[in-house]
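The block underneath contains the structure these notes are about, expressed in structure tokens.
The values are calculated or read from the model by the stated rules, or taken from the named source; none is laboratory data. Remember, it's a predicted structure, so these values are computed and weren't measured experimentally. Neighbour counts run over all protein chains shown; Cβ positions are idealised from the backbone, glycine included.
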Amino acid sequence: MHQLGAAAARLRDAQRVVAFTGAGISVDSGIPTFRDDDGLWREFPPDTFATWNGLVRGLLLRPRSVARFAHAVVNAVAQARPNAGHRALHELERHKPLEIVTQNIDGLHQAAGSNTVWEVHGSLFKITSLRGRFRRLLSRADLQRIAARLERAARSPFVATSLPLAIRPLLGVGWRGLHRPSVVLFGDRLAEPDWTRARAAARASDCLLSIGTSGAVLPAAELPHIAATHGATVIQVDPEPAFGDVCLRGAASEILPELVRVAFG
Ligand code: NAD
């Protein structure tokens, strides 16, 4: 495939690579995107379920919907394992200086073994105070237990009382005050220091791979444009590529292993 060869050549010549990943890279790990036709926003509109105000109001007024939404997100991440796309980026690290900037909250790049991962939309595993002070790190097994409790809460006739208990390891009041997952919702600032490091990496890179992201979520979507402005080649990997110097159309779990094989195999 002509485009694959062109992308492999650019990657081979690059000195500093950034991989900018979105929800699409984790689709083949069983985590749906939010925006696509079968995505979560269809059933759970983002103005209610992706803002802290909307979620807190929902806890009081529509606890069963919130329980179902929380279960859908937590269970998908809890059950997920890295796929061939995540593993190919880990392999790429052996050949080139690579920084991964992810919008995902699923911890799958770290689970695949990648070392430098900037999580600009935070992480479902990292629990902080309301002001962002680190409290504790959950494991995937912790998330599996929380997901099981959320599923029971969503079916319970007493959902208004069982949901706050089920969700408490993630969101609630402990002996040190309120805590929450470090995920960035609409209206929040991006996670720091990750966002500052991500912009610096984009400016310094000479090749940016944009993988499984629609480019609709600002300001994270600025990164490929920052890299391009500083002279980097932008390679997009997506079933529906919309921008980039080289566009590789298809699933990340198929294209990325092939790209790394052609470039370095
Ligand atoms: P998005 O805007 O990043 O769009 C998803 C992109 O993935 C689309 O361009 C789609 O064409 C592409 N895609 C679909 N299947 C793919 C595949 N197999 N391989 C490669 N690309 C594929 O994502 P969104 O769903 O609108 O999410 C918005 C934000 O919500 C994200 O930026 C993220 O913060 C969060 N989110 C995170 C996760 C996760 O942690 N896995 C999942 C969903 C949403």
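Overview of values
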| quantity | calculated |
| --- | --- |
| Listing of strands (runs of 3 or more DSSP E) fully contained in the stretch 116-159 that carry 2 or more residues being β-branched (Val, Ile, Thr) | 126-129 |
| The one condition in (1) at pLDDT below 95; (2) part of a helix (DSSP H, G or I) that Val173 fails to fulfil | (2) |
| Of all residues making up the stretch 195-213, the number that are away from the ligand (no atom under 15 Å from the Cβ), surrounded by fewer than 21 Cβ atoms within 10 Å (Cβ to Cβ) and touching a residue at least 12 places away in the same chain (Cβ under 8 Å) | 5 |
| Check on Thr33, assigned to a helix (DSSP H, G or I), in contact with a Gly (Cβ under 7 Å, 6 or more places away or on another chain) and either within 16 Å of the ligand (Cβ to nearest atom) or closer than 24 Å to Pro239 by Cβ (or both) | no |
| Members of the stretch 219-251 found to be crowded, with 22+ Cβ neighbours inside 10 Å, within 11 Å of the ligand (Cβ to nearest atom) and part of a loop (DSSP other than H, G, I, E, B), listed by number | none |
| Odd one out for Ala216, checked against (1) within 12 Å of the ligand (Cβ to nearest atom); (2) more than 22 Å from Trp195 (Cα to Cα); (3) surrounded by fewer than 17 Cβ atoms within 10 Å (Cβ to Cβ) | (2) |
| Lone qualifier among Arg135, Arg140, Arg149, Arg145 - being of a type outside the set (A, V, I, L, M), farther than 24 Å from Val217 by Cα and within 16 Å of the ligand (Cβ to nearest atom) | Arg140 |
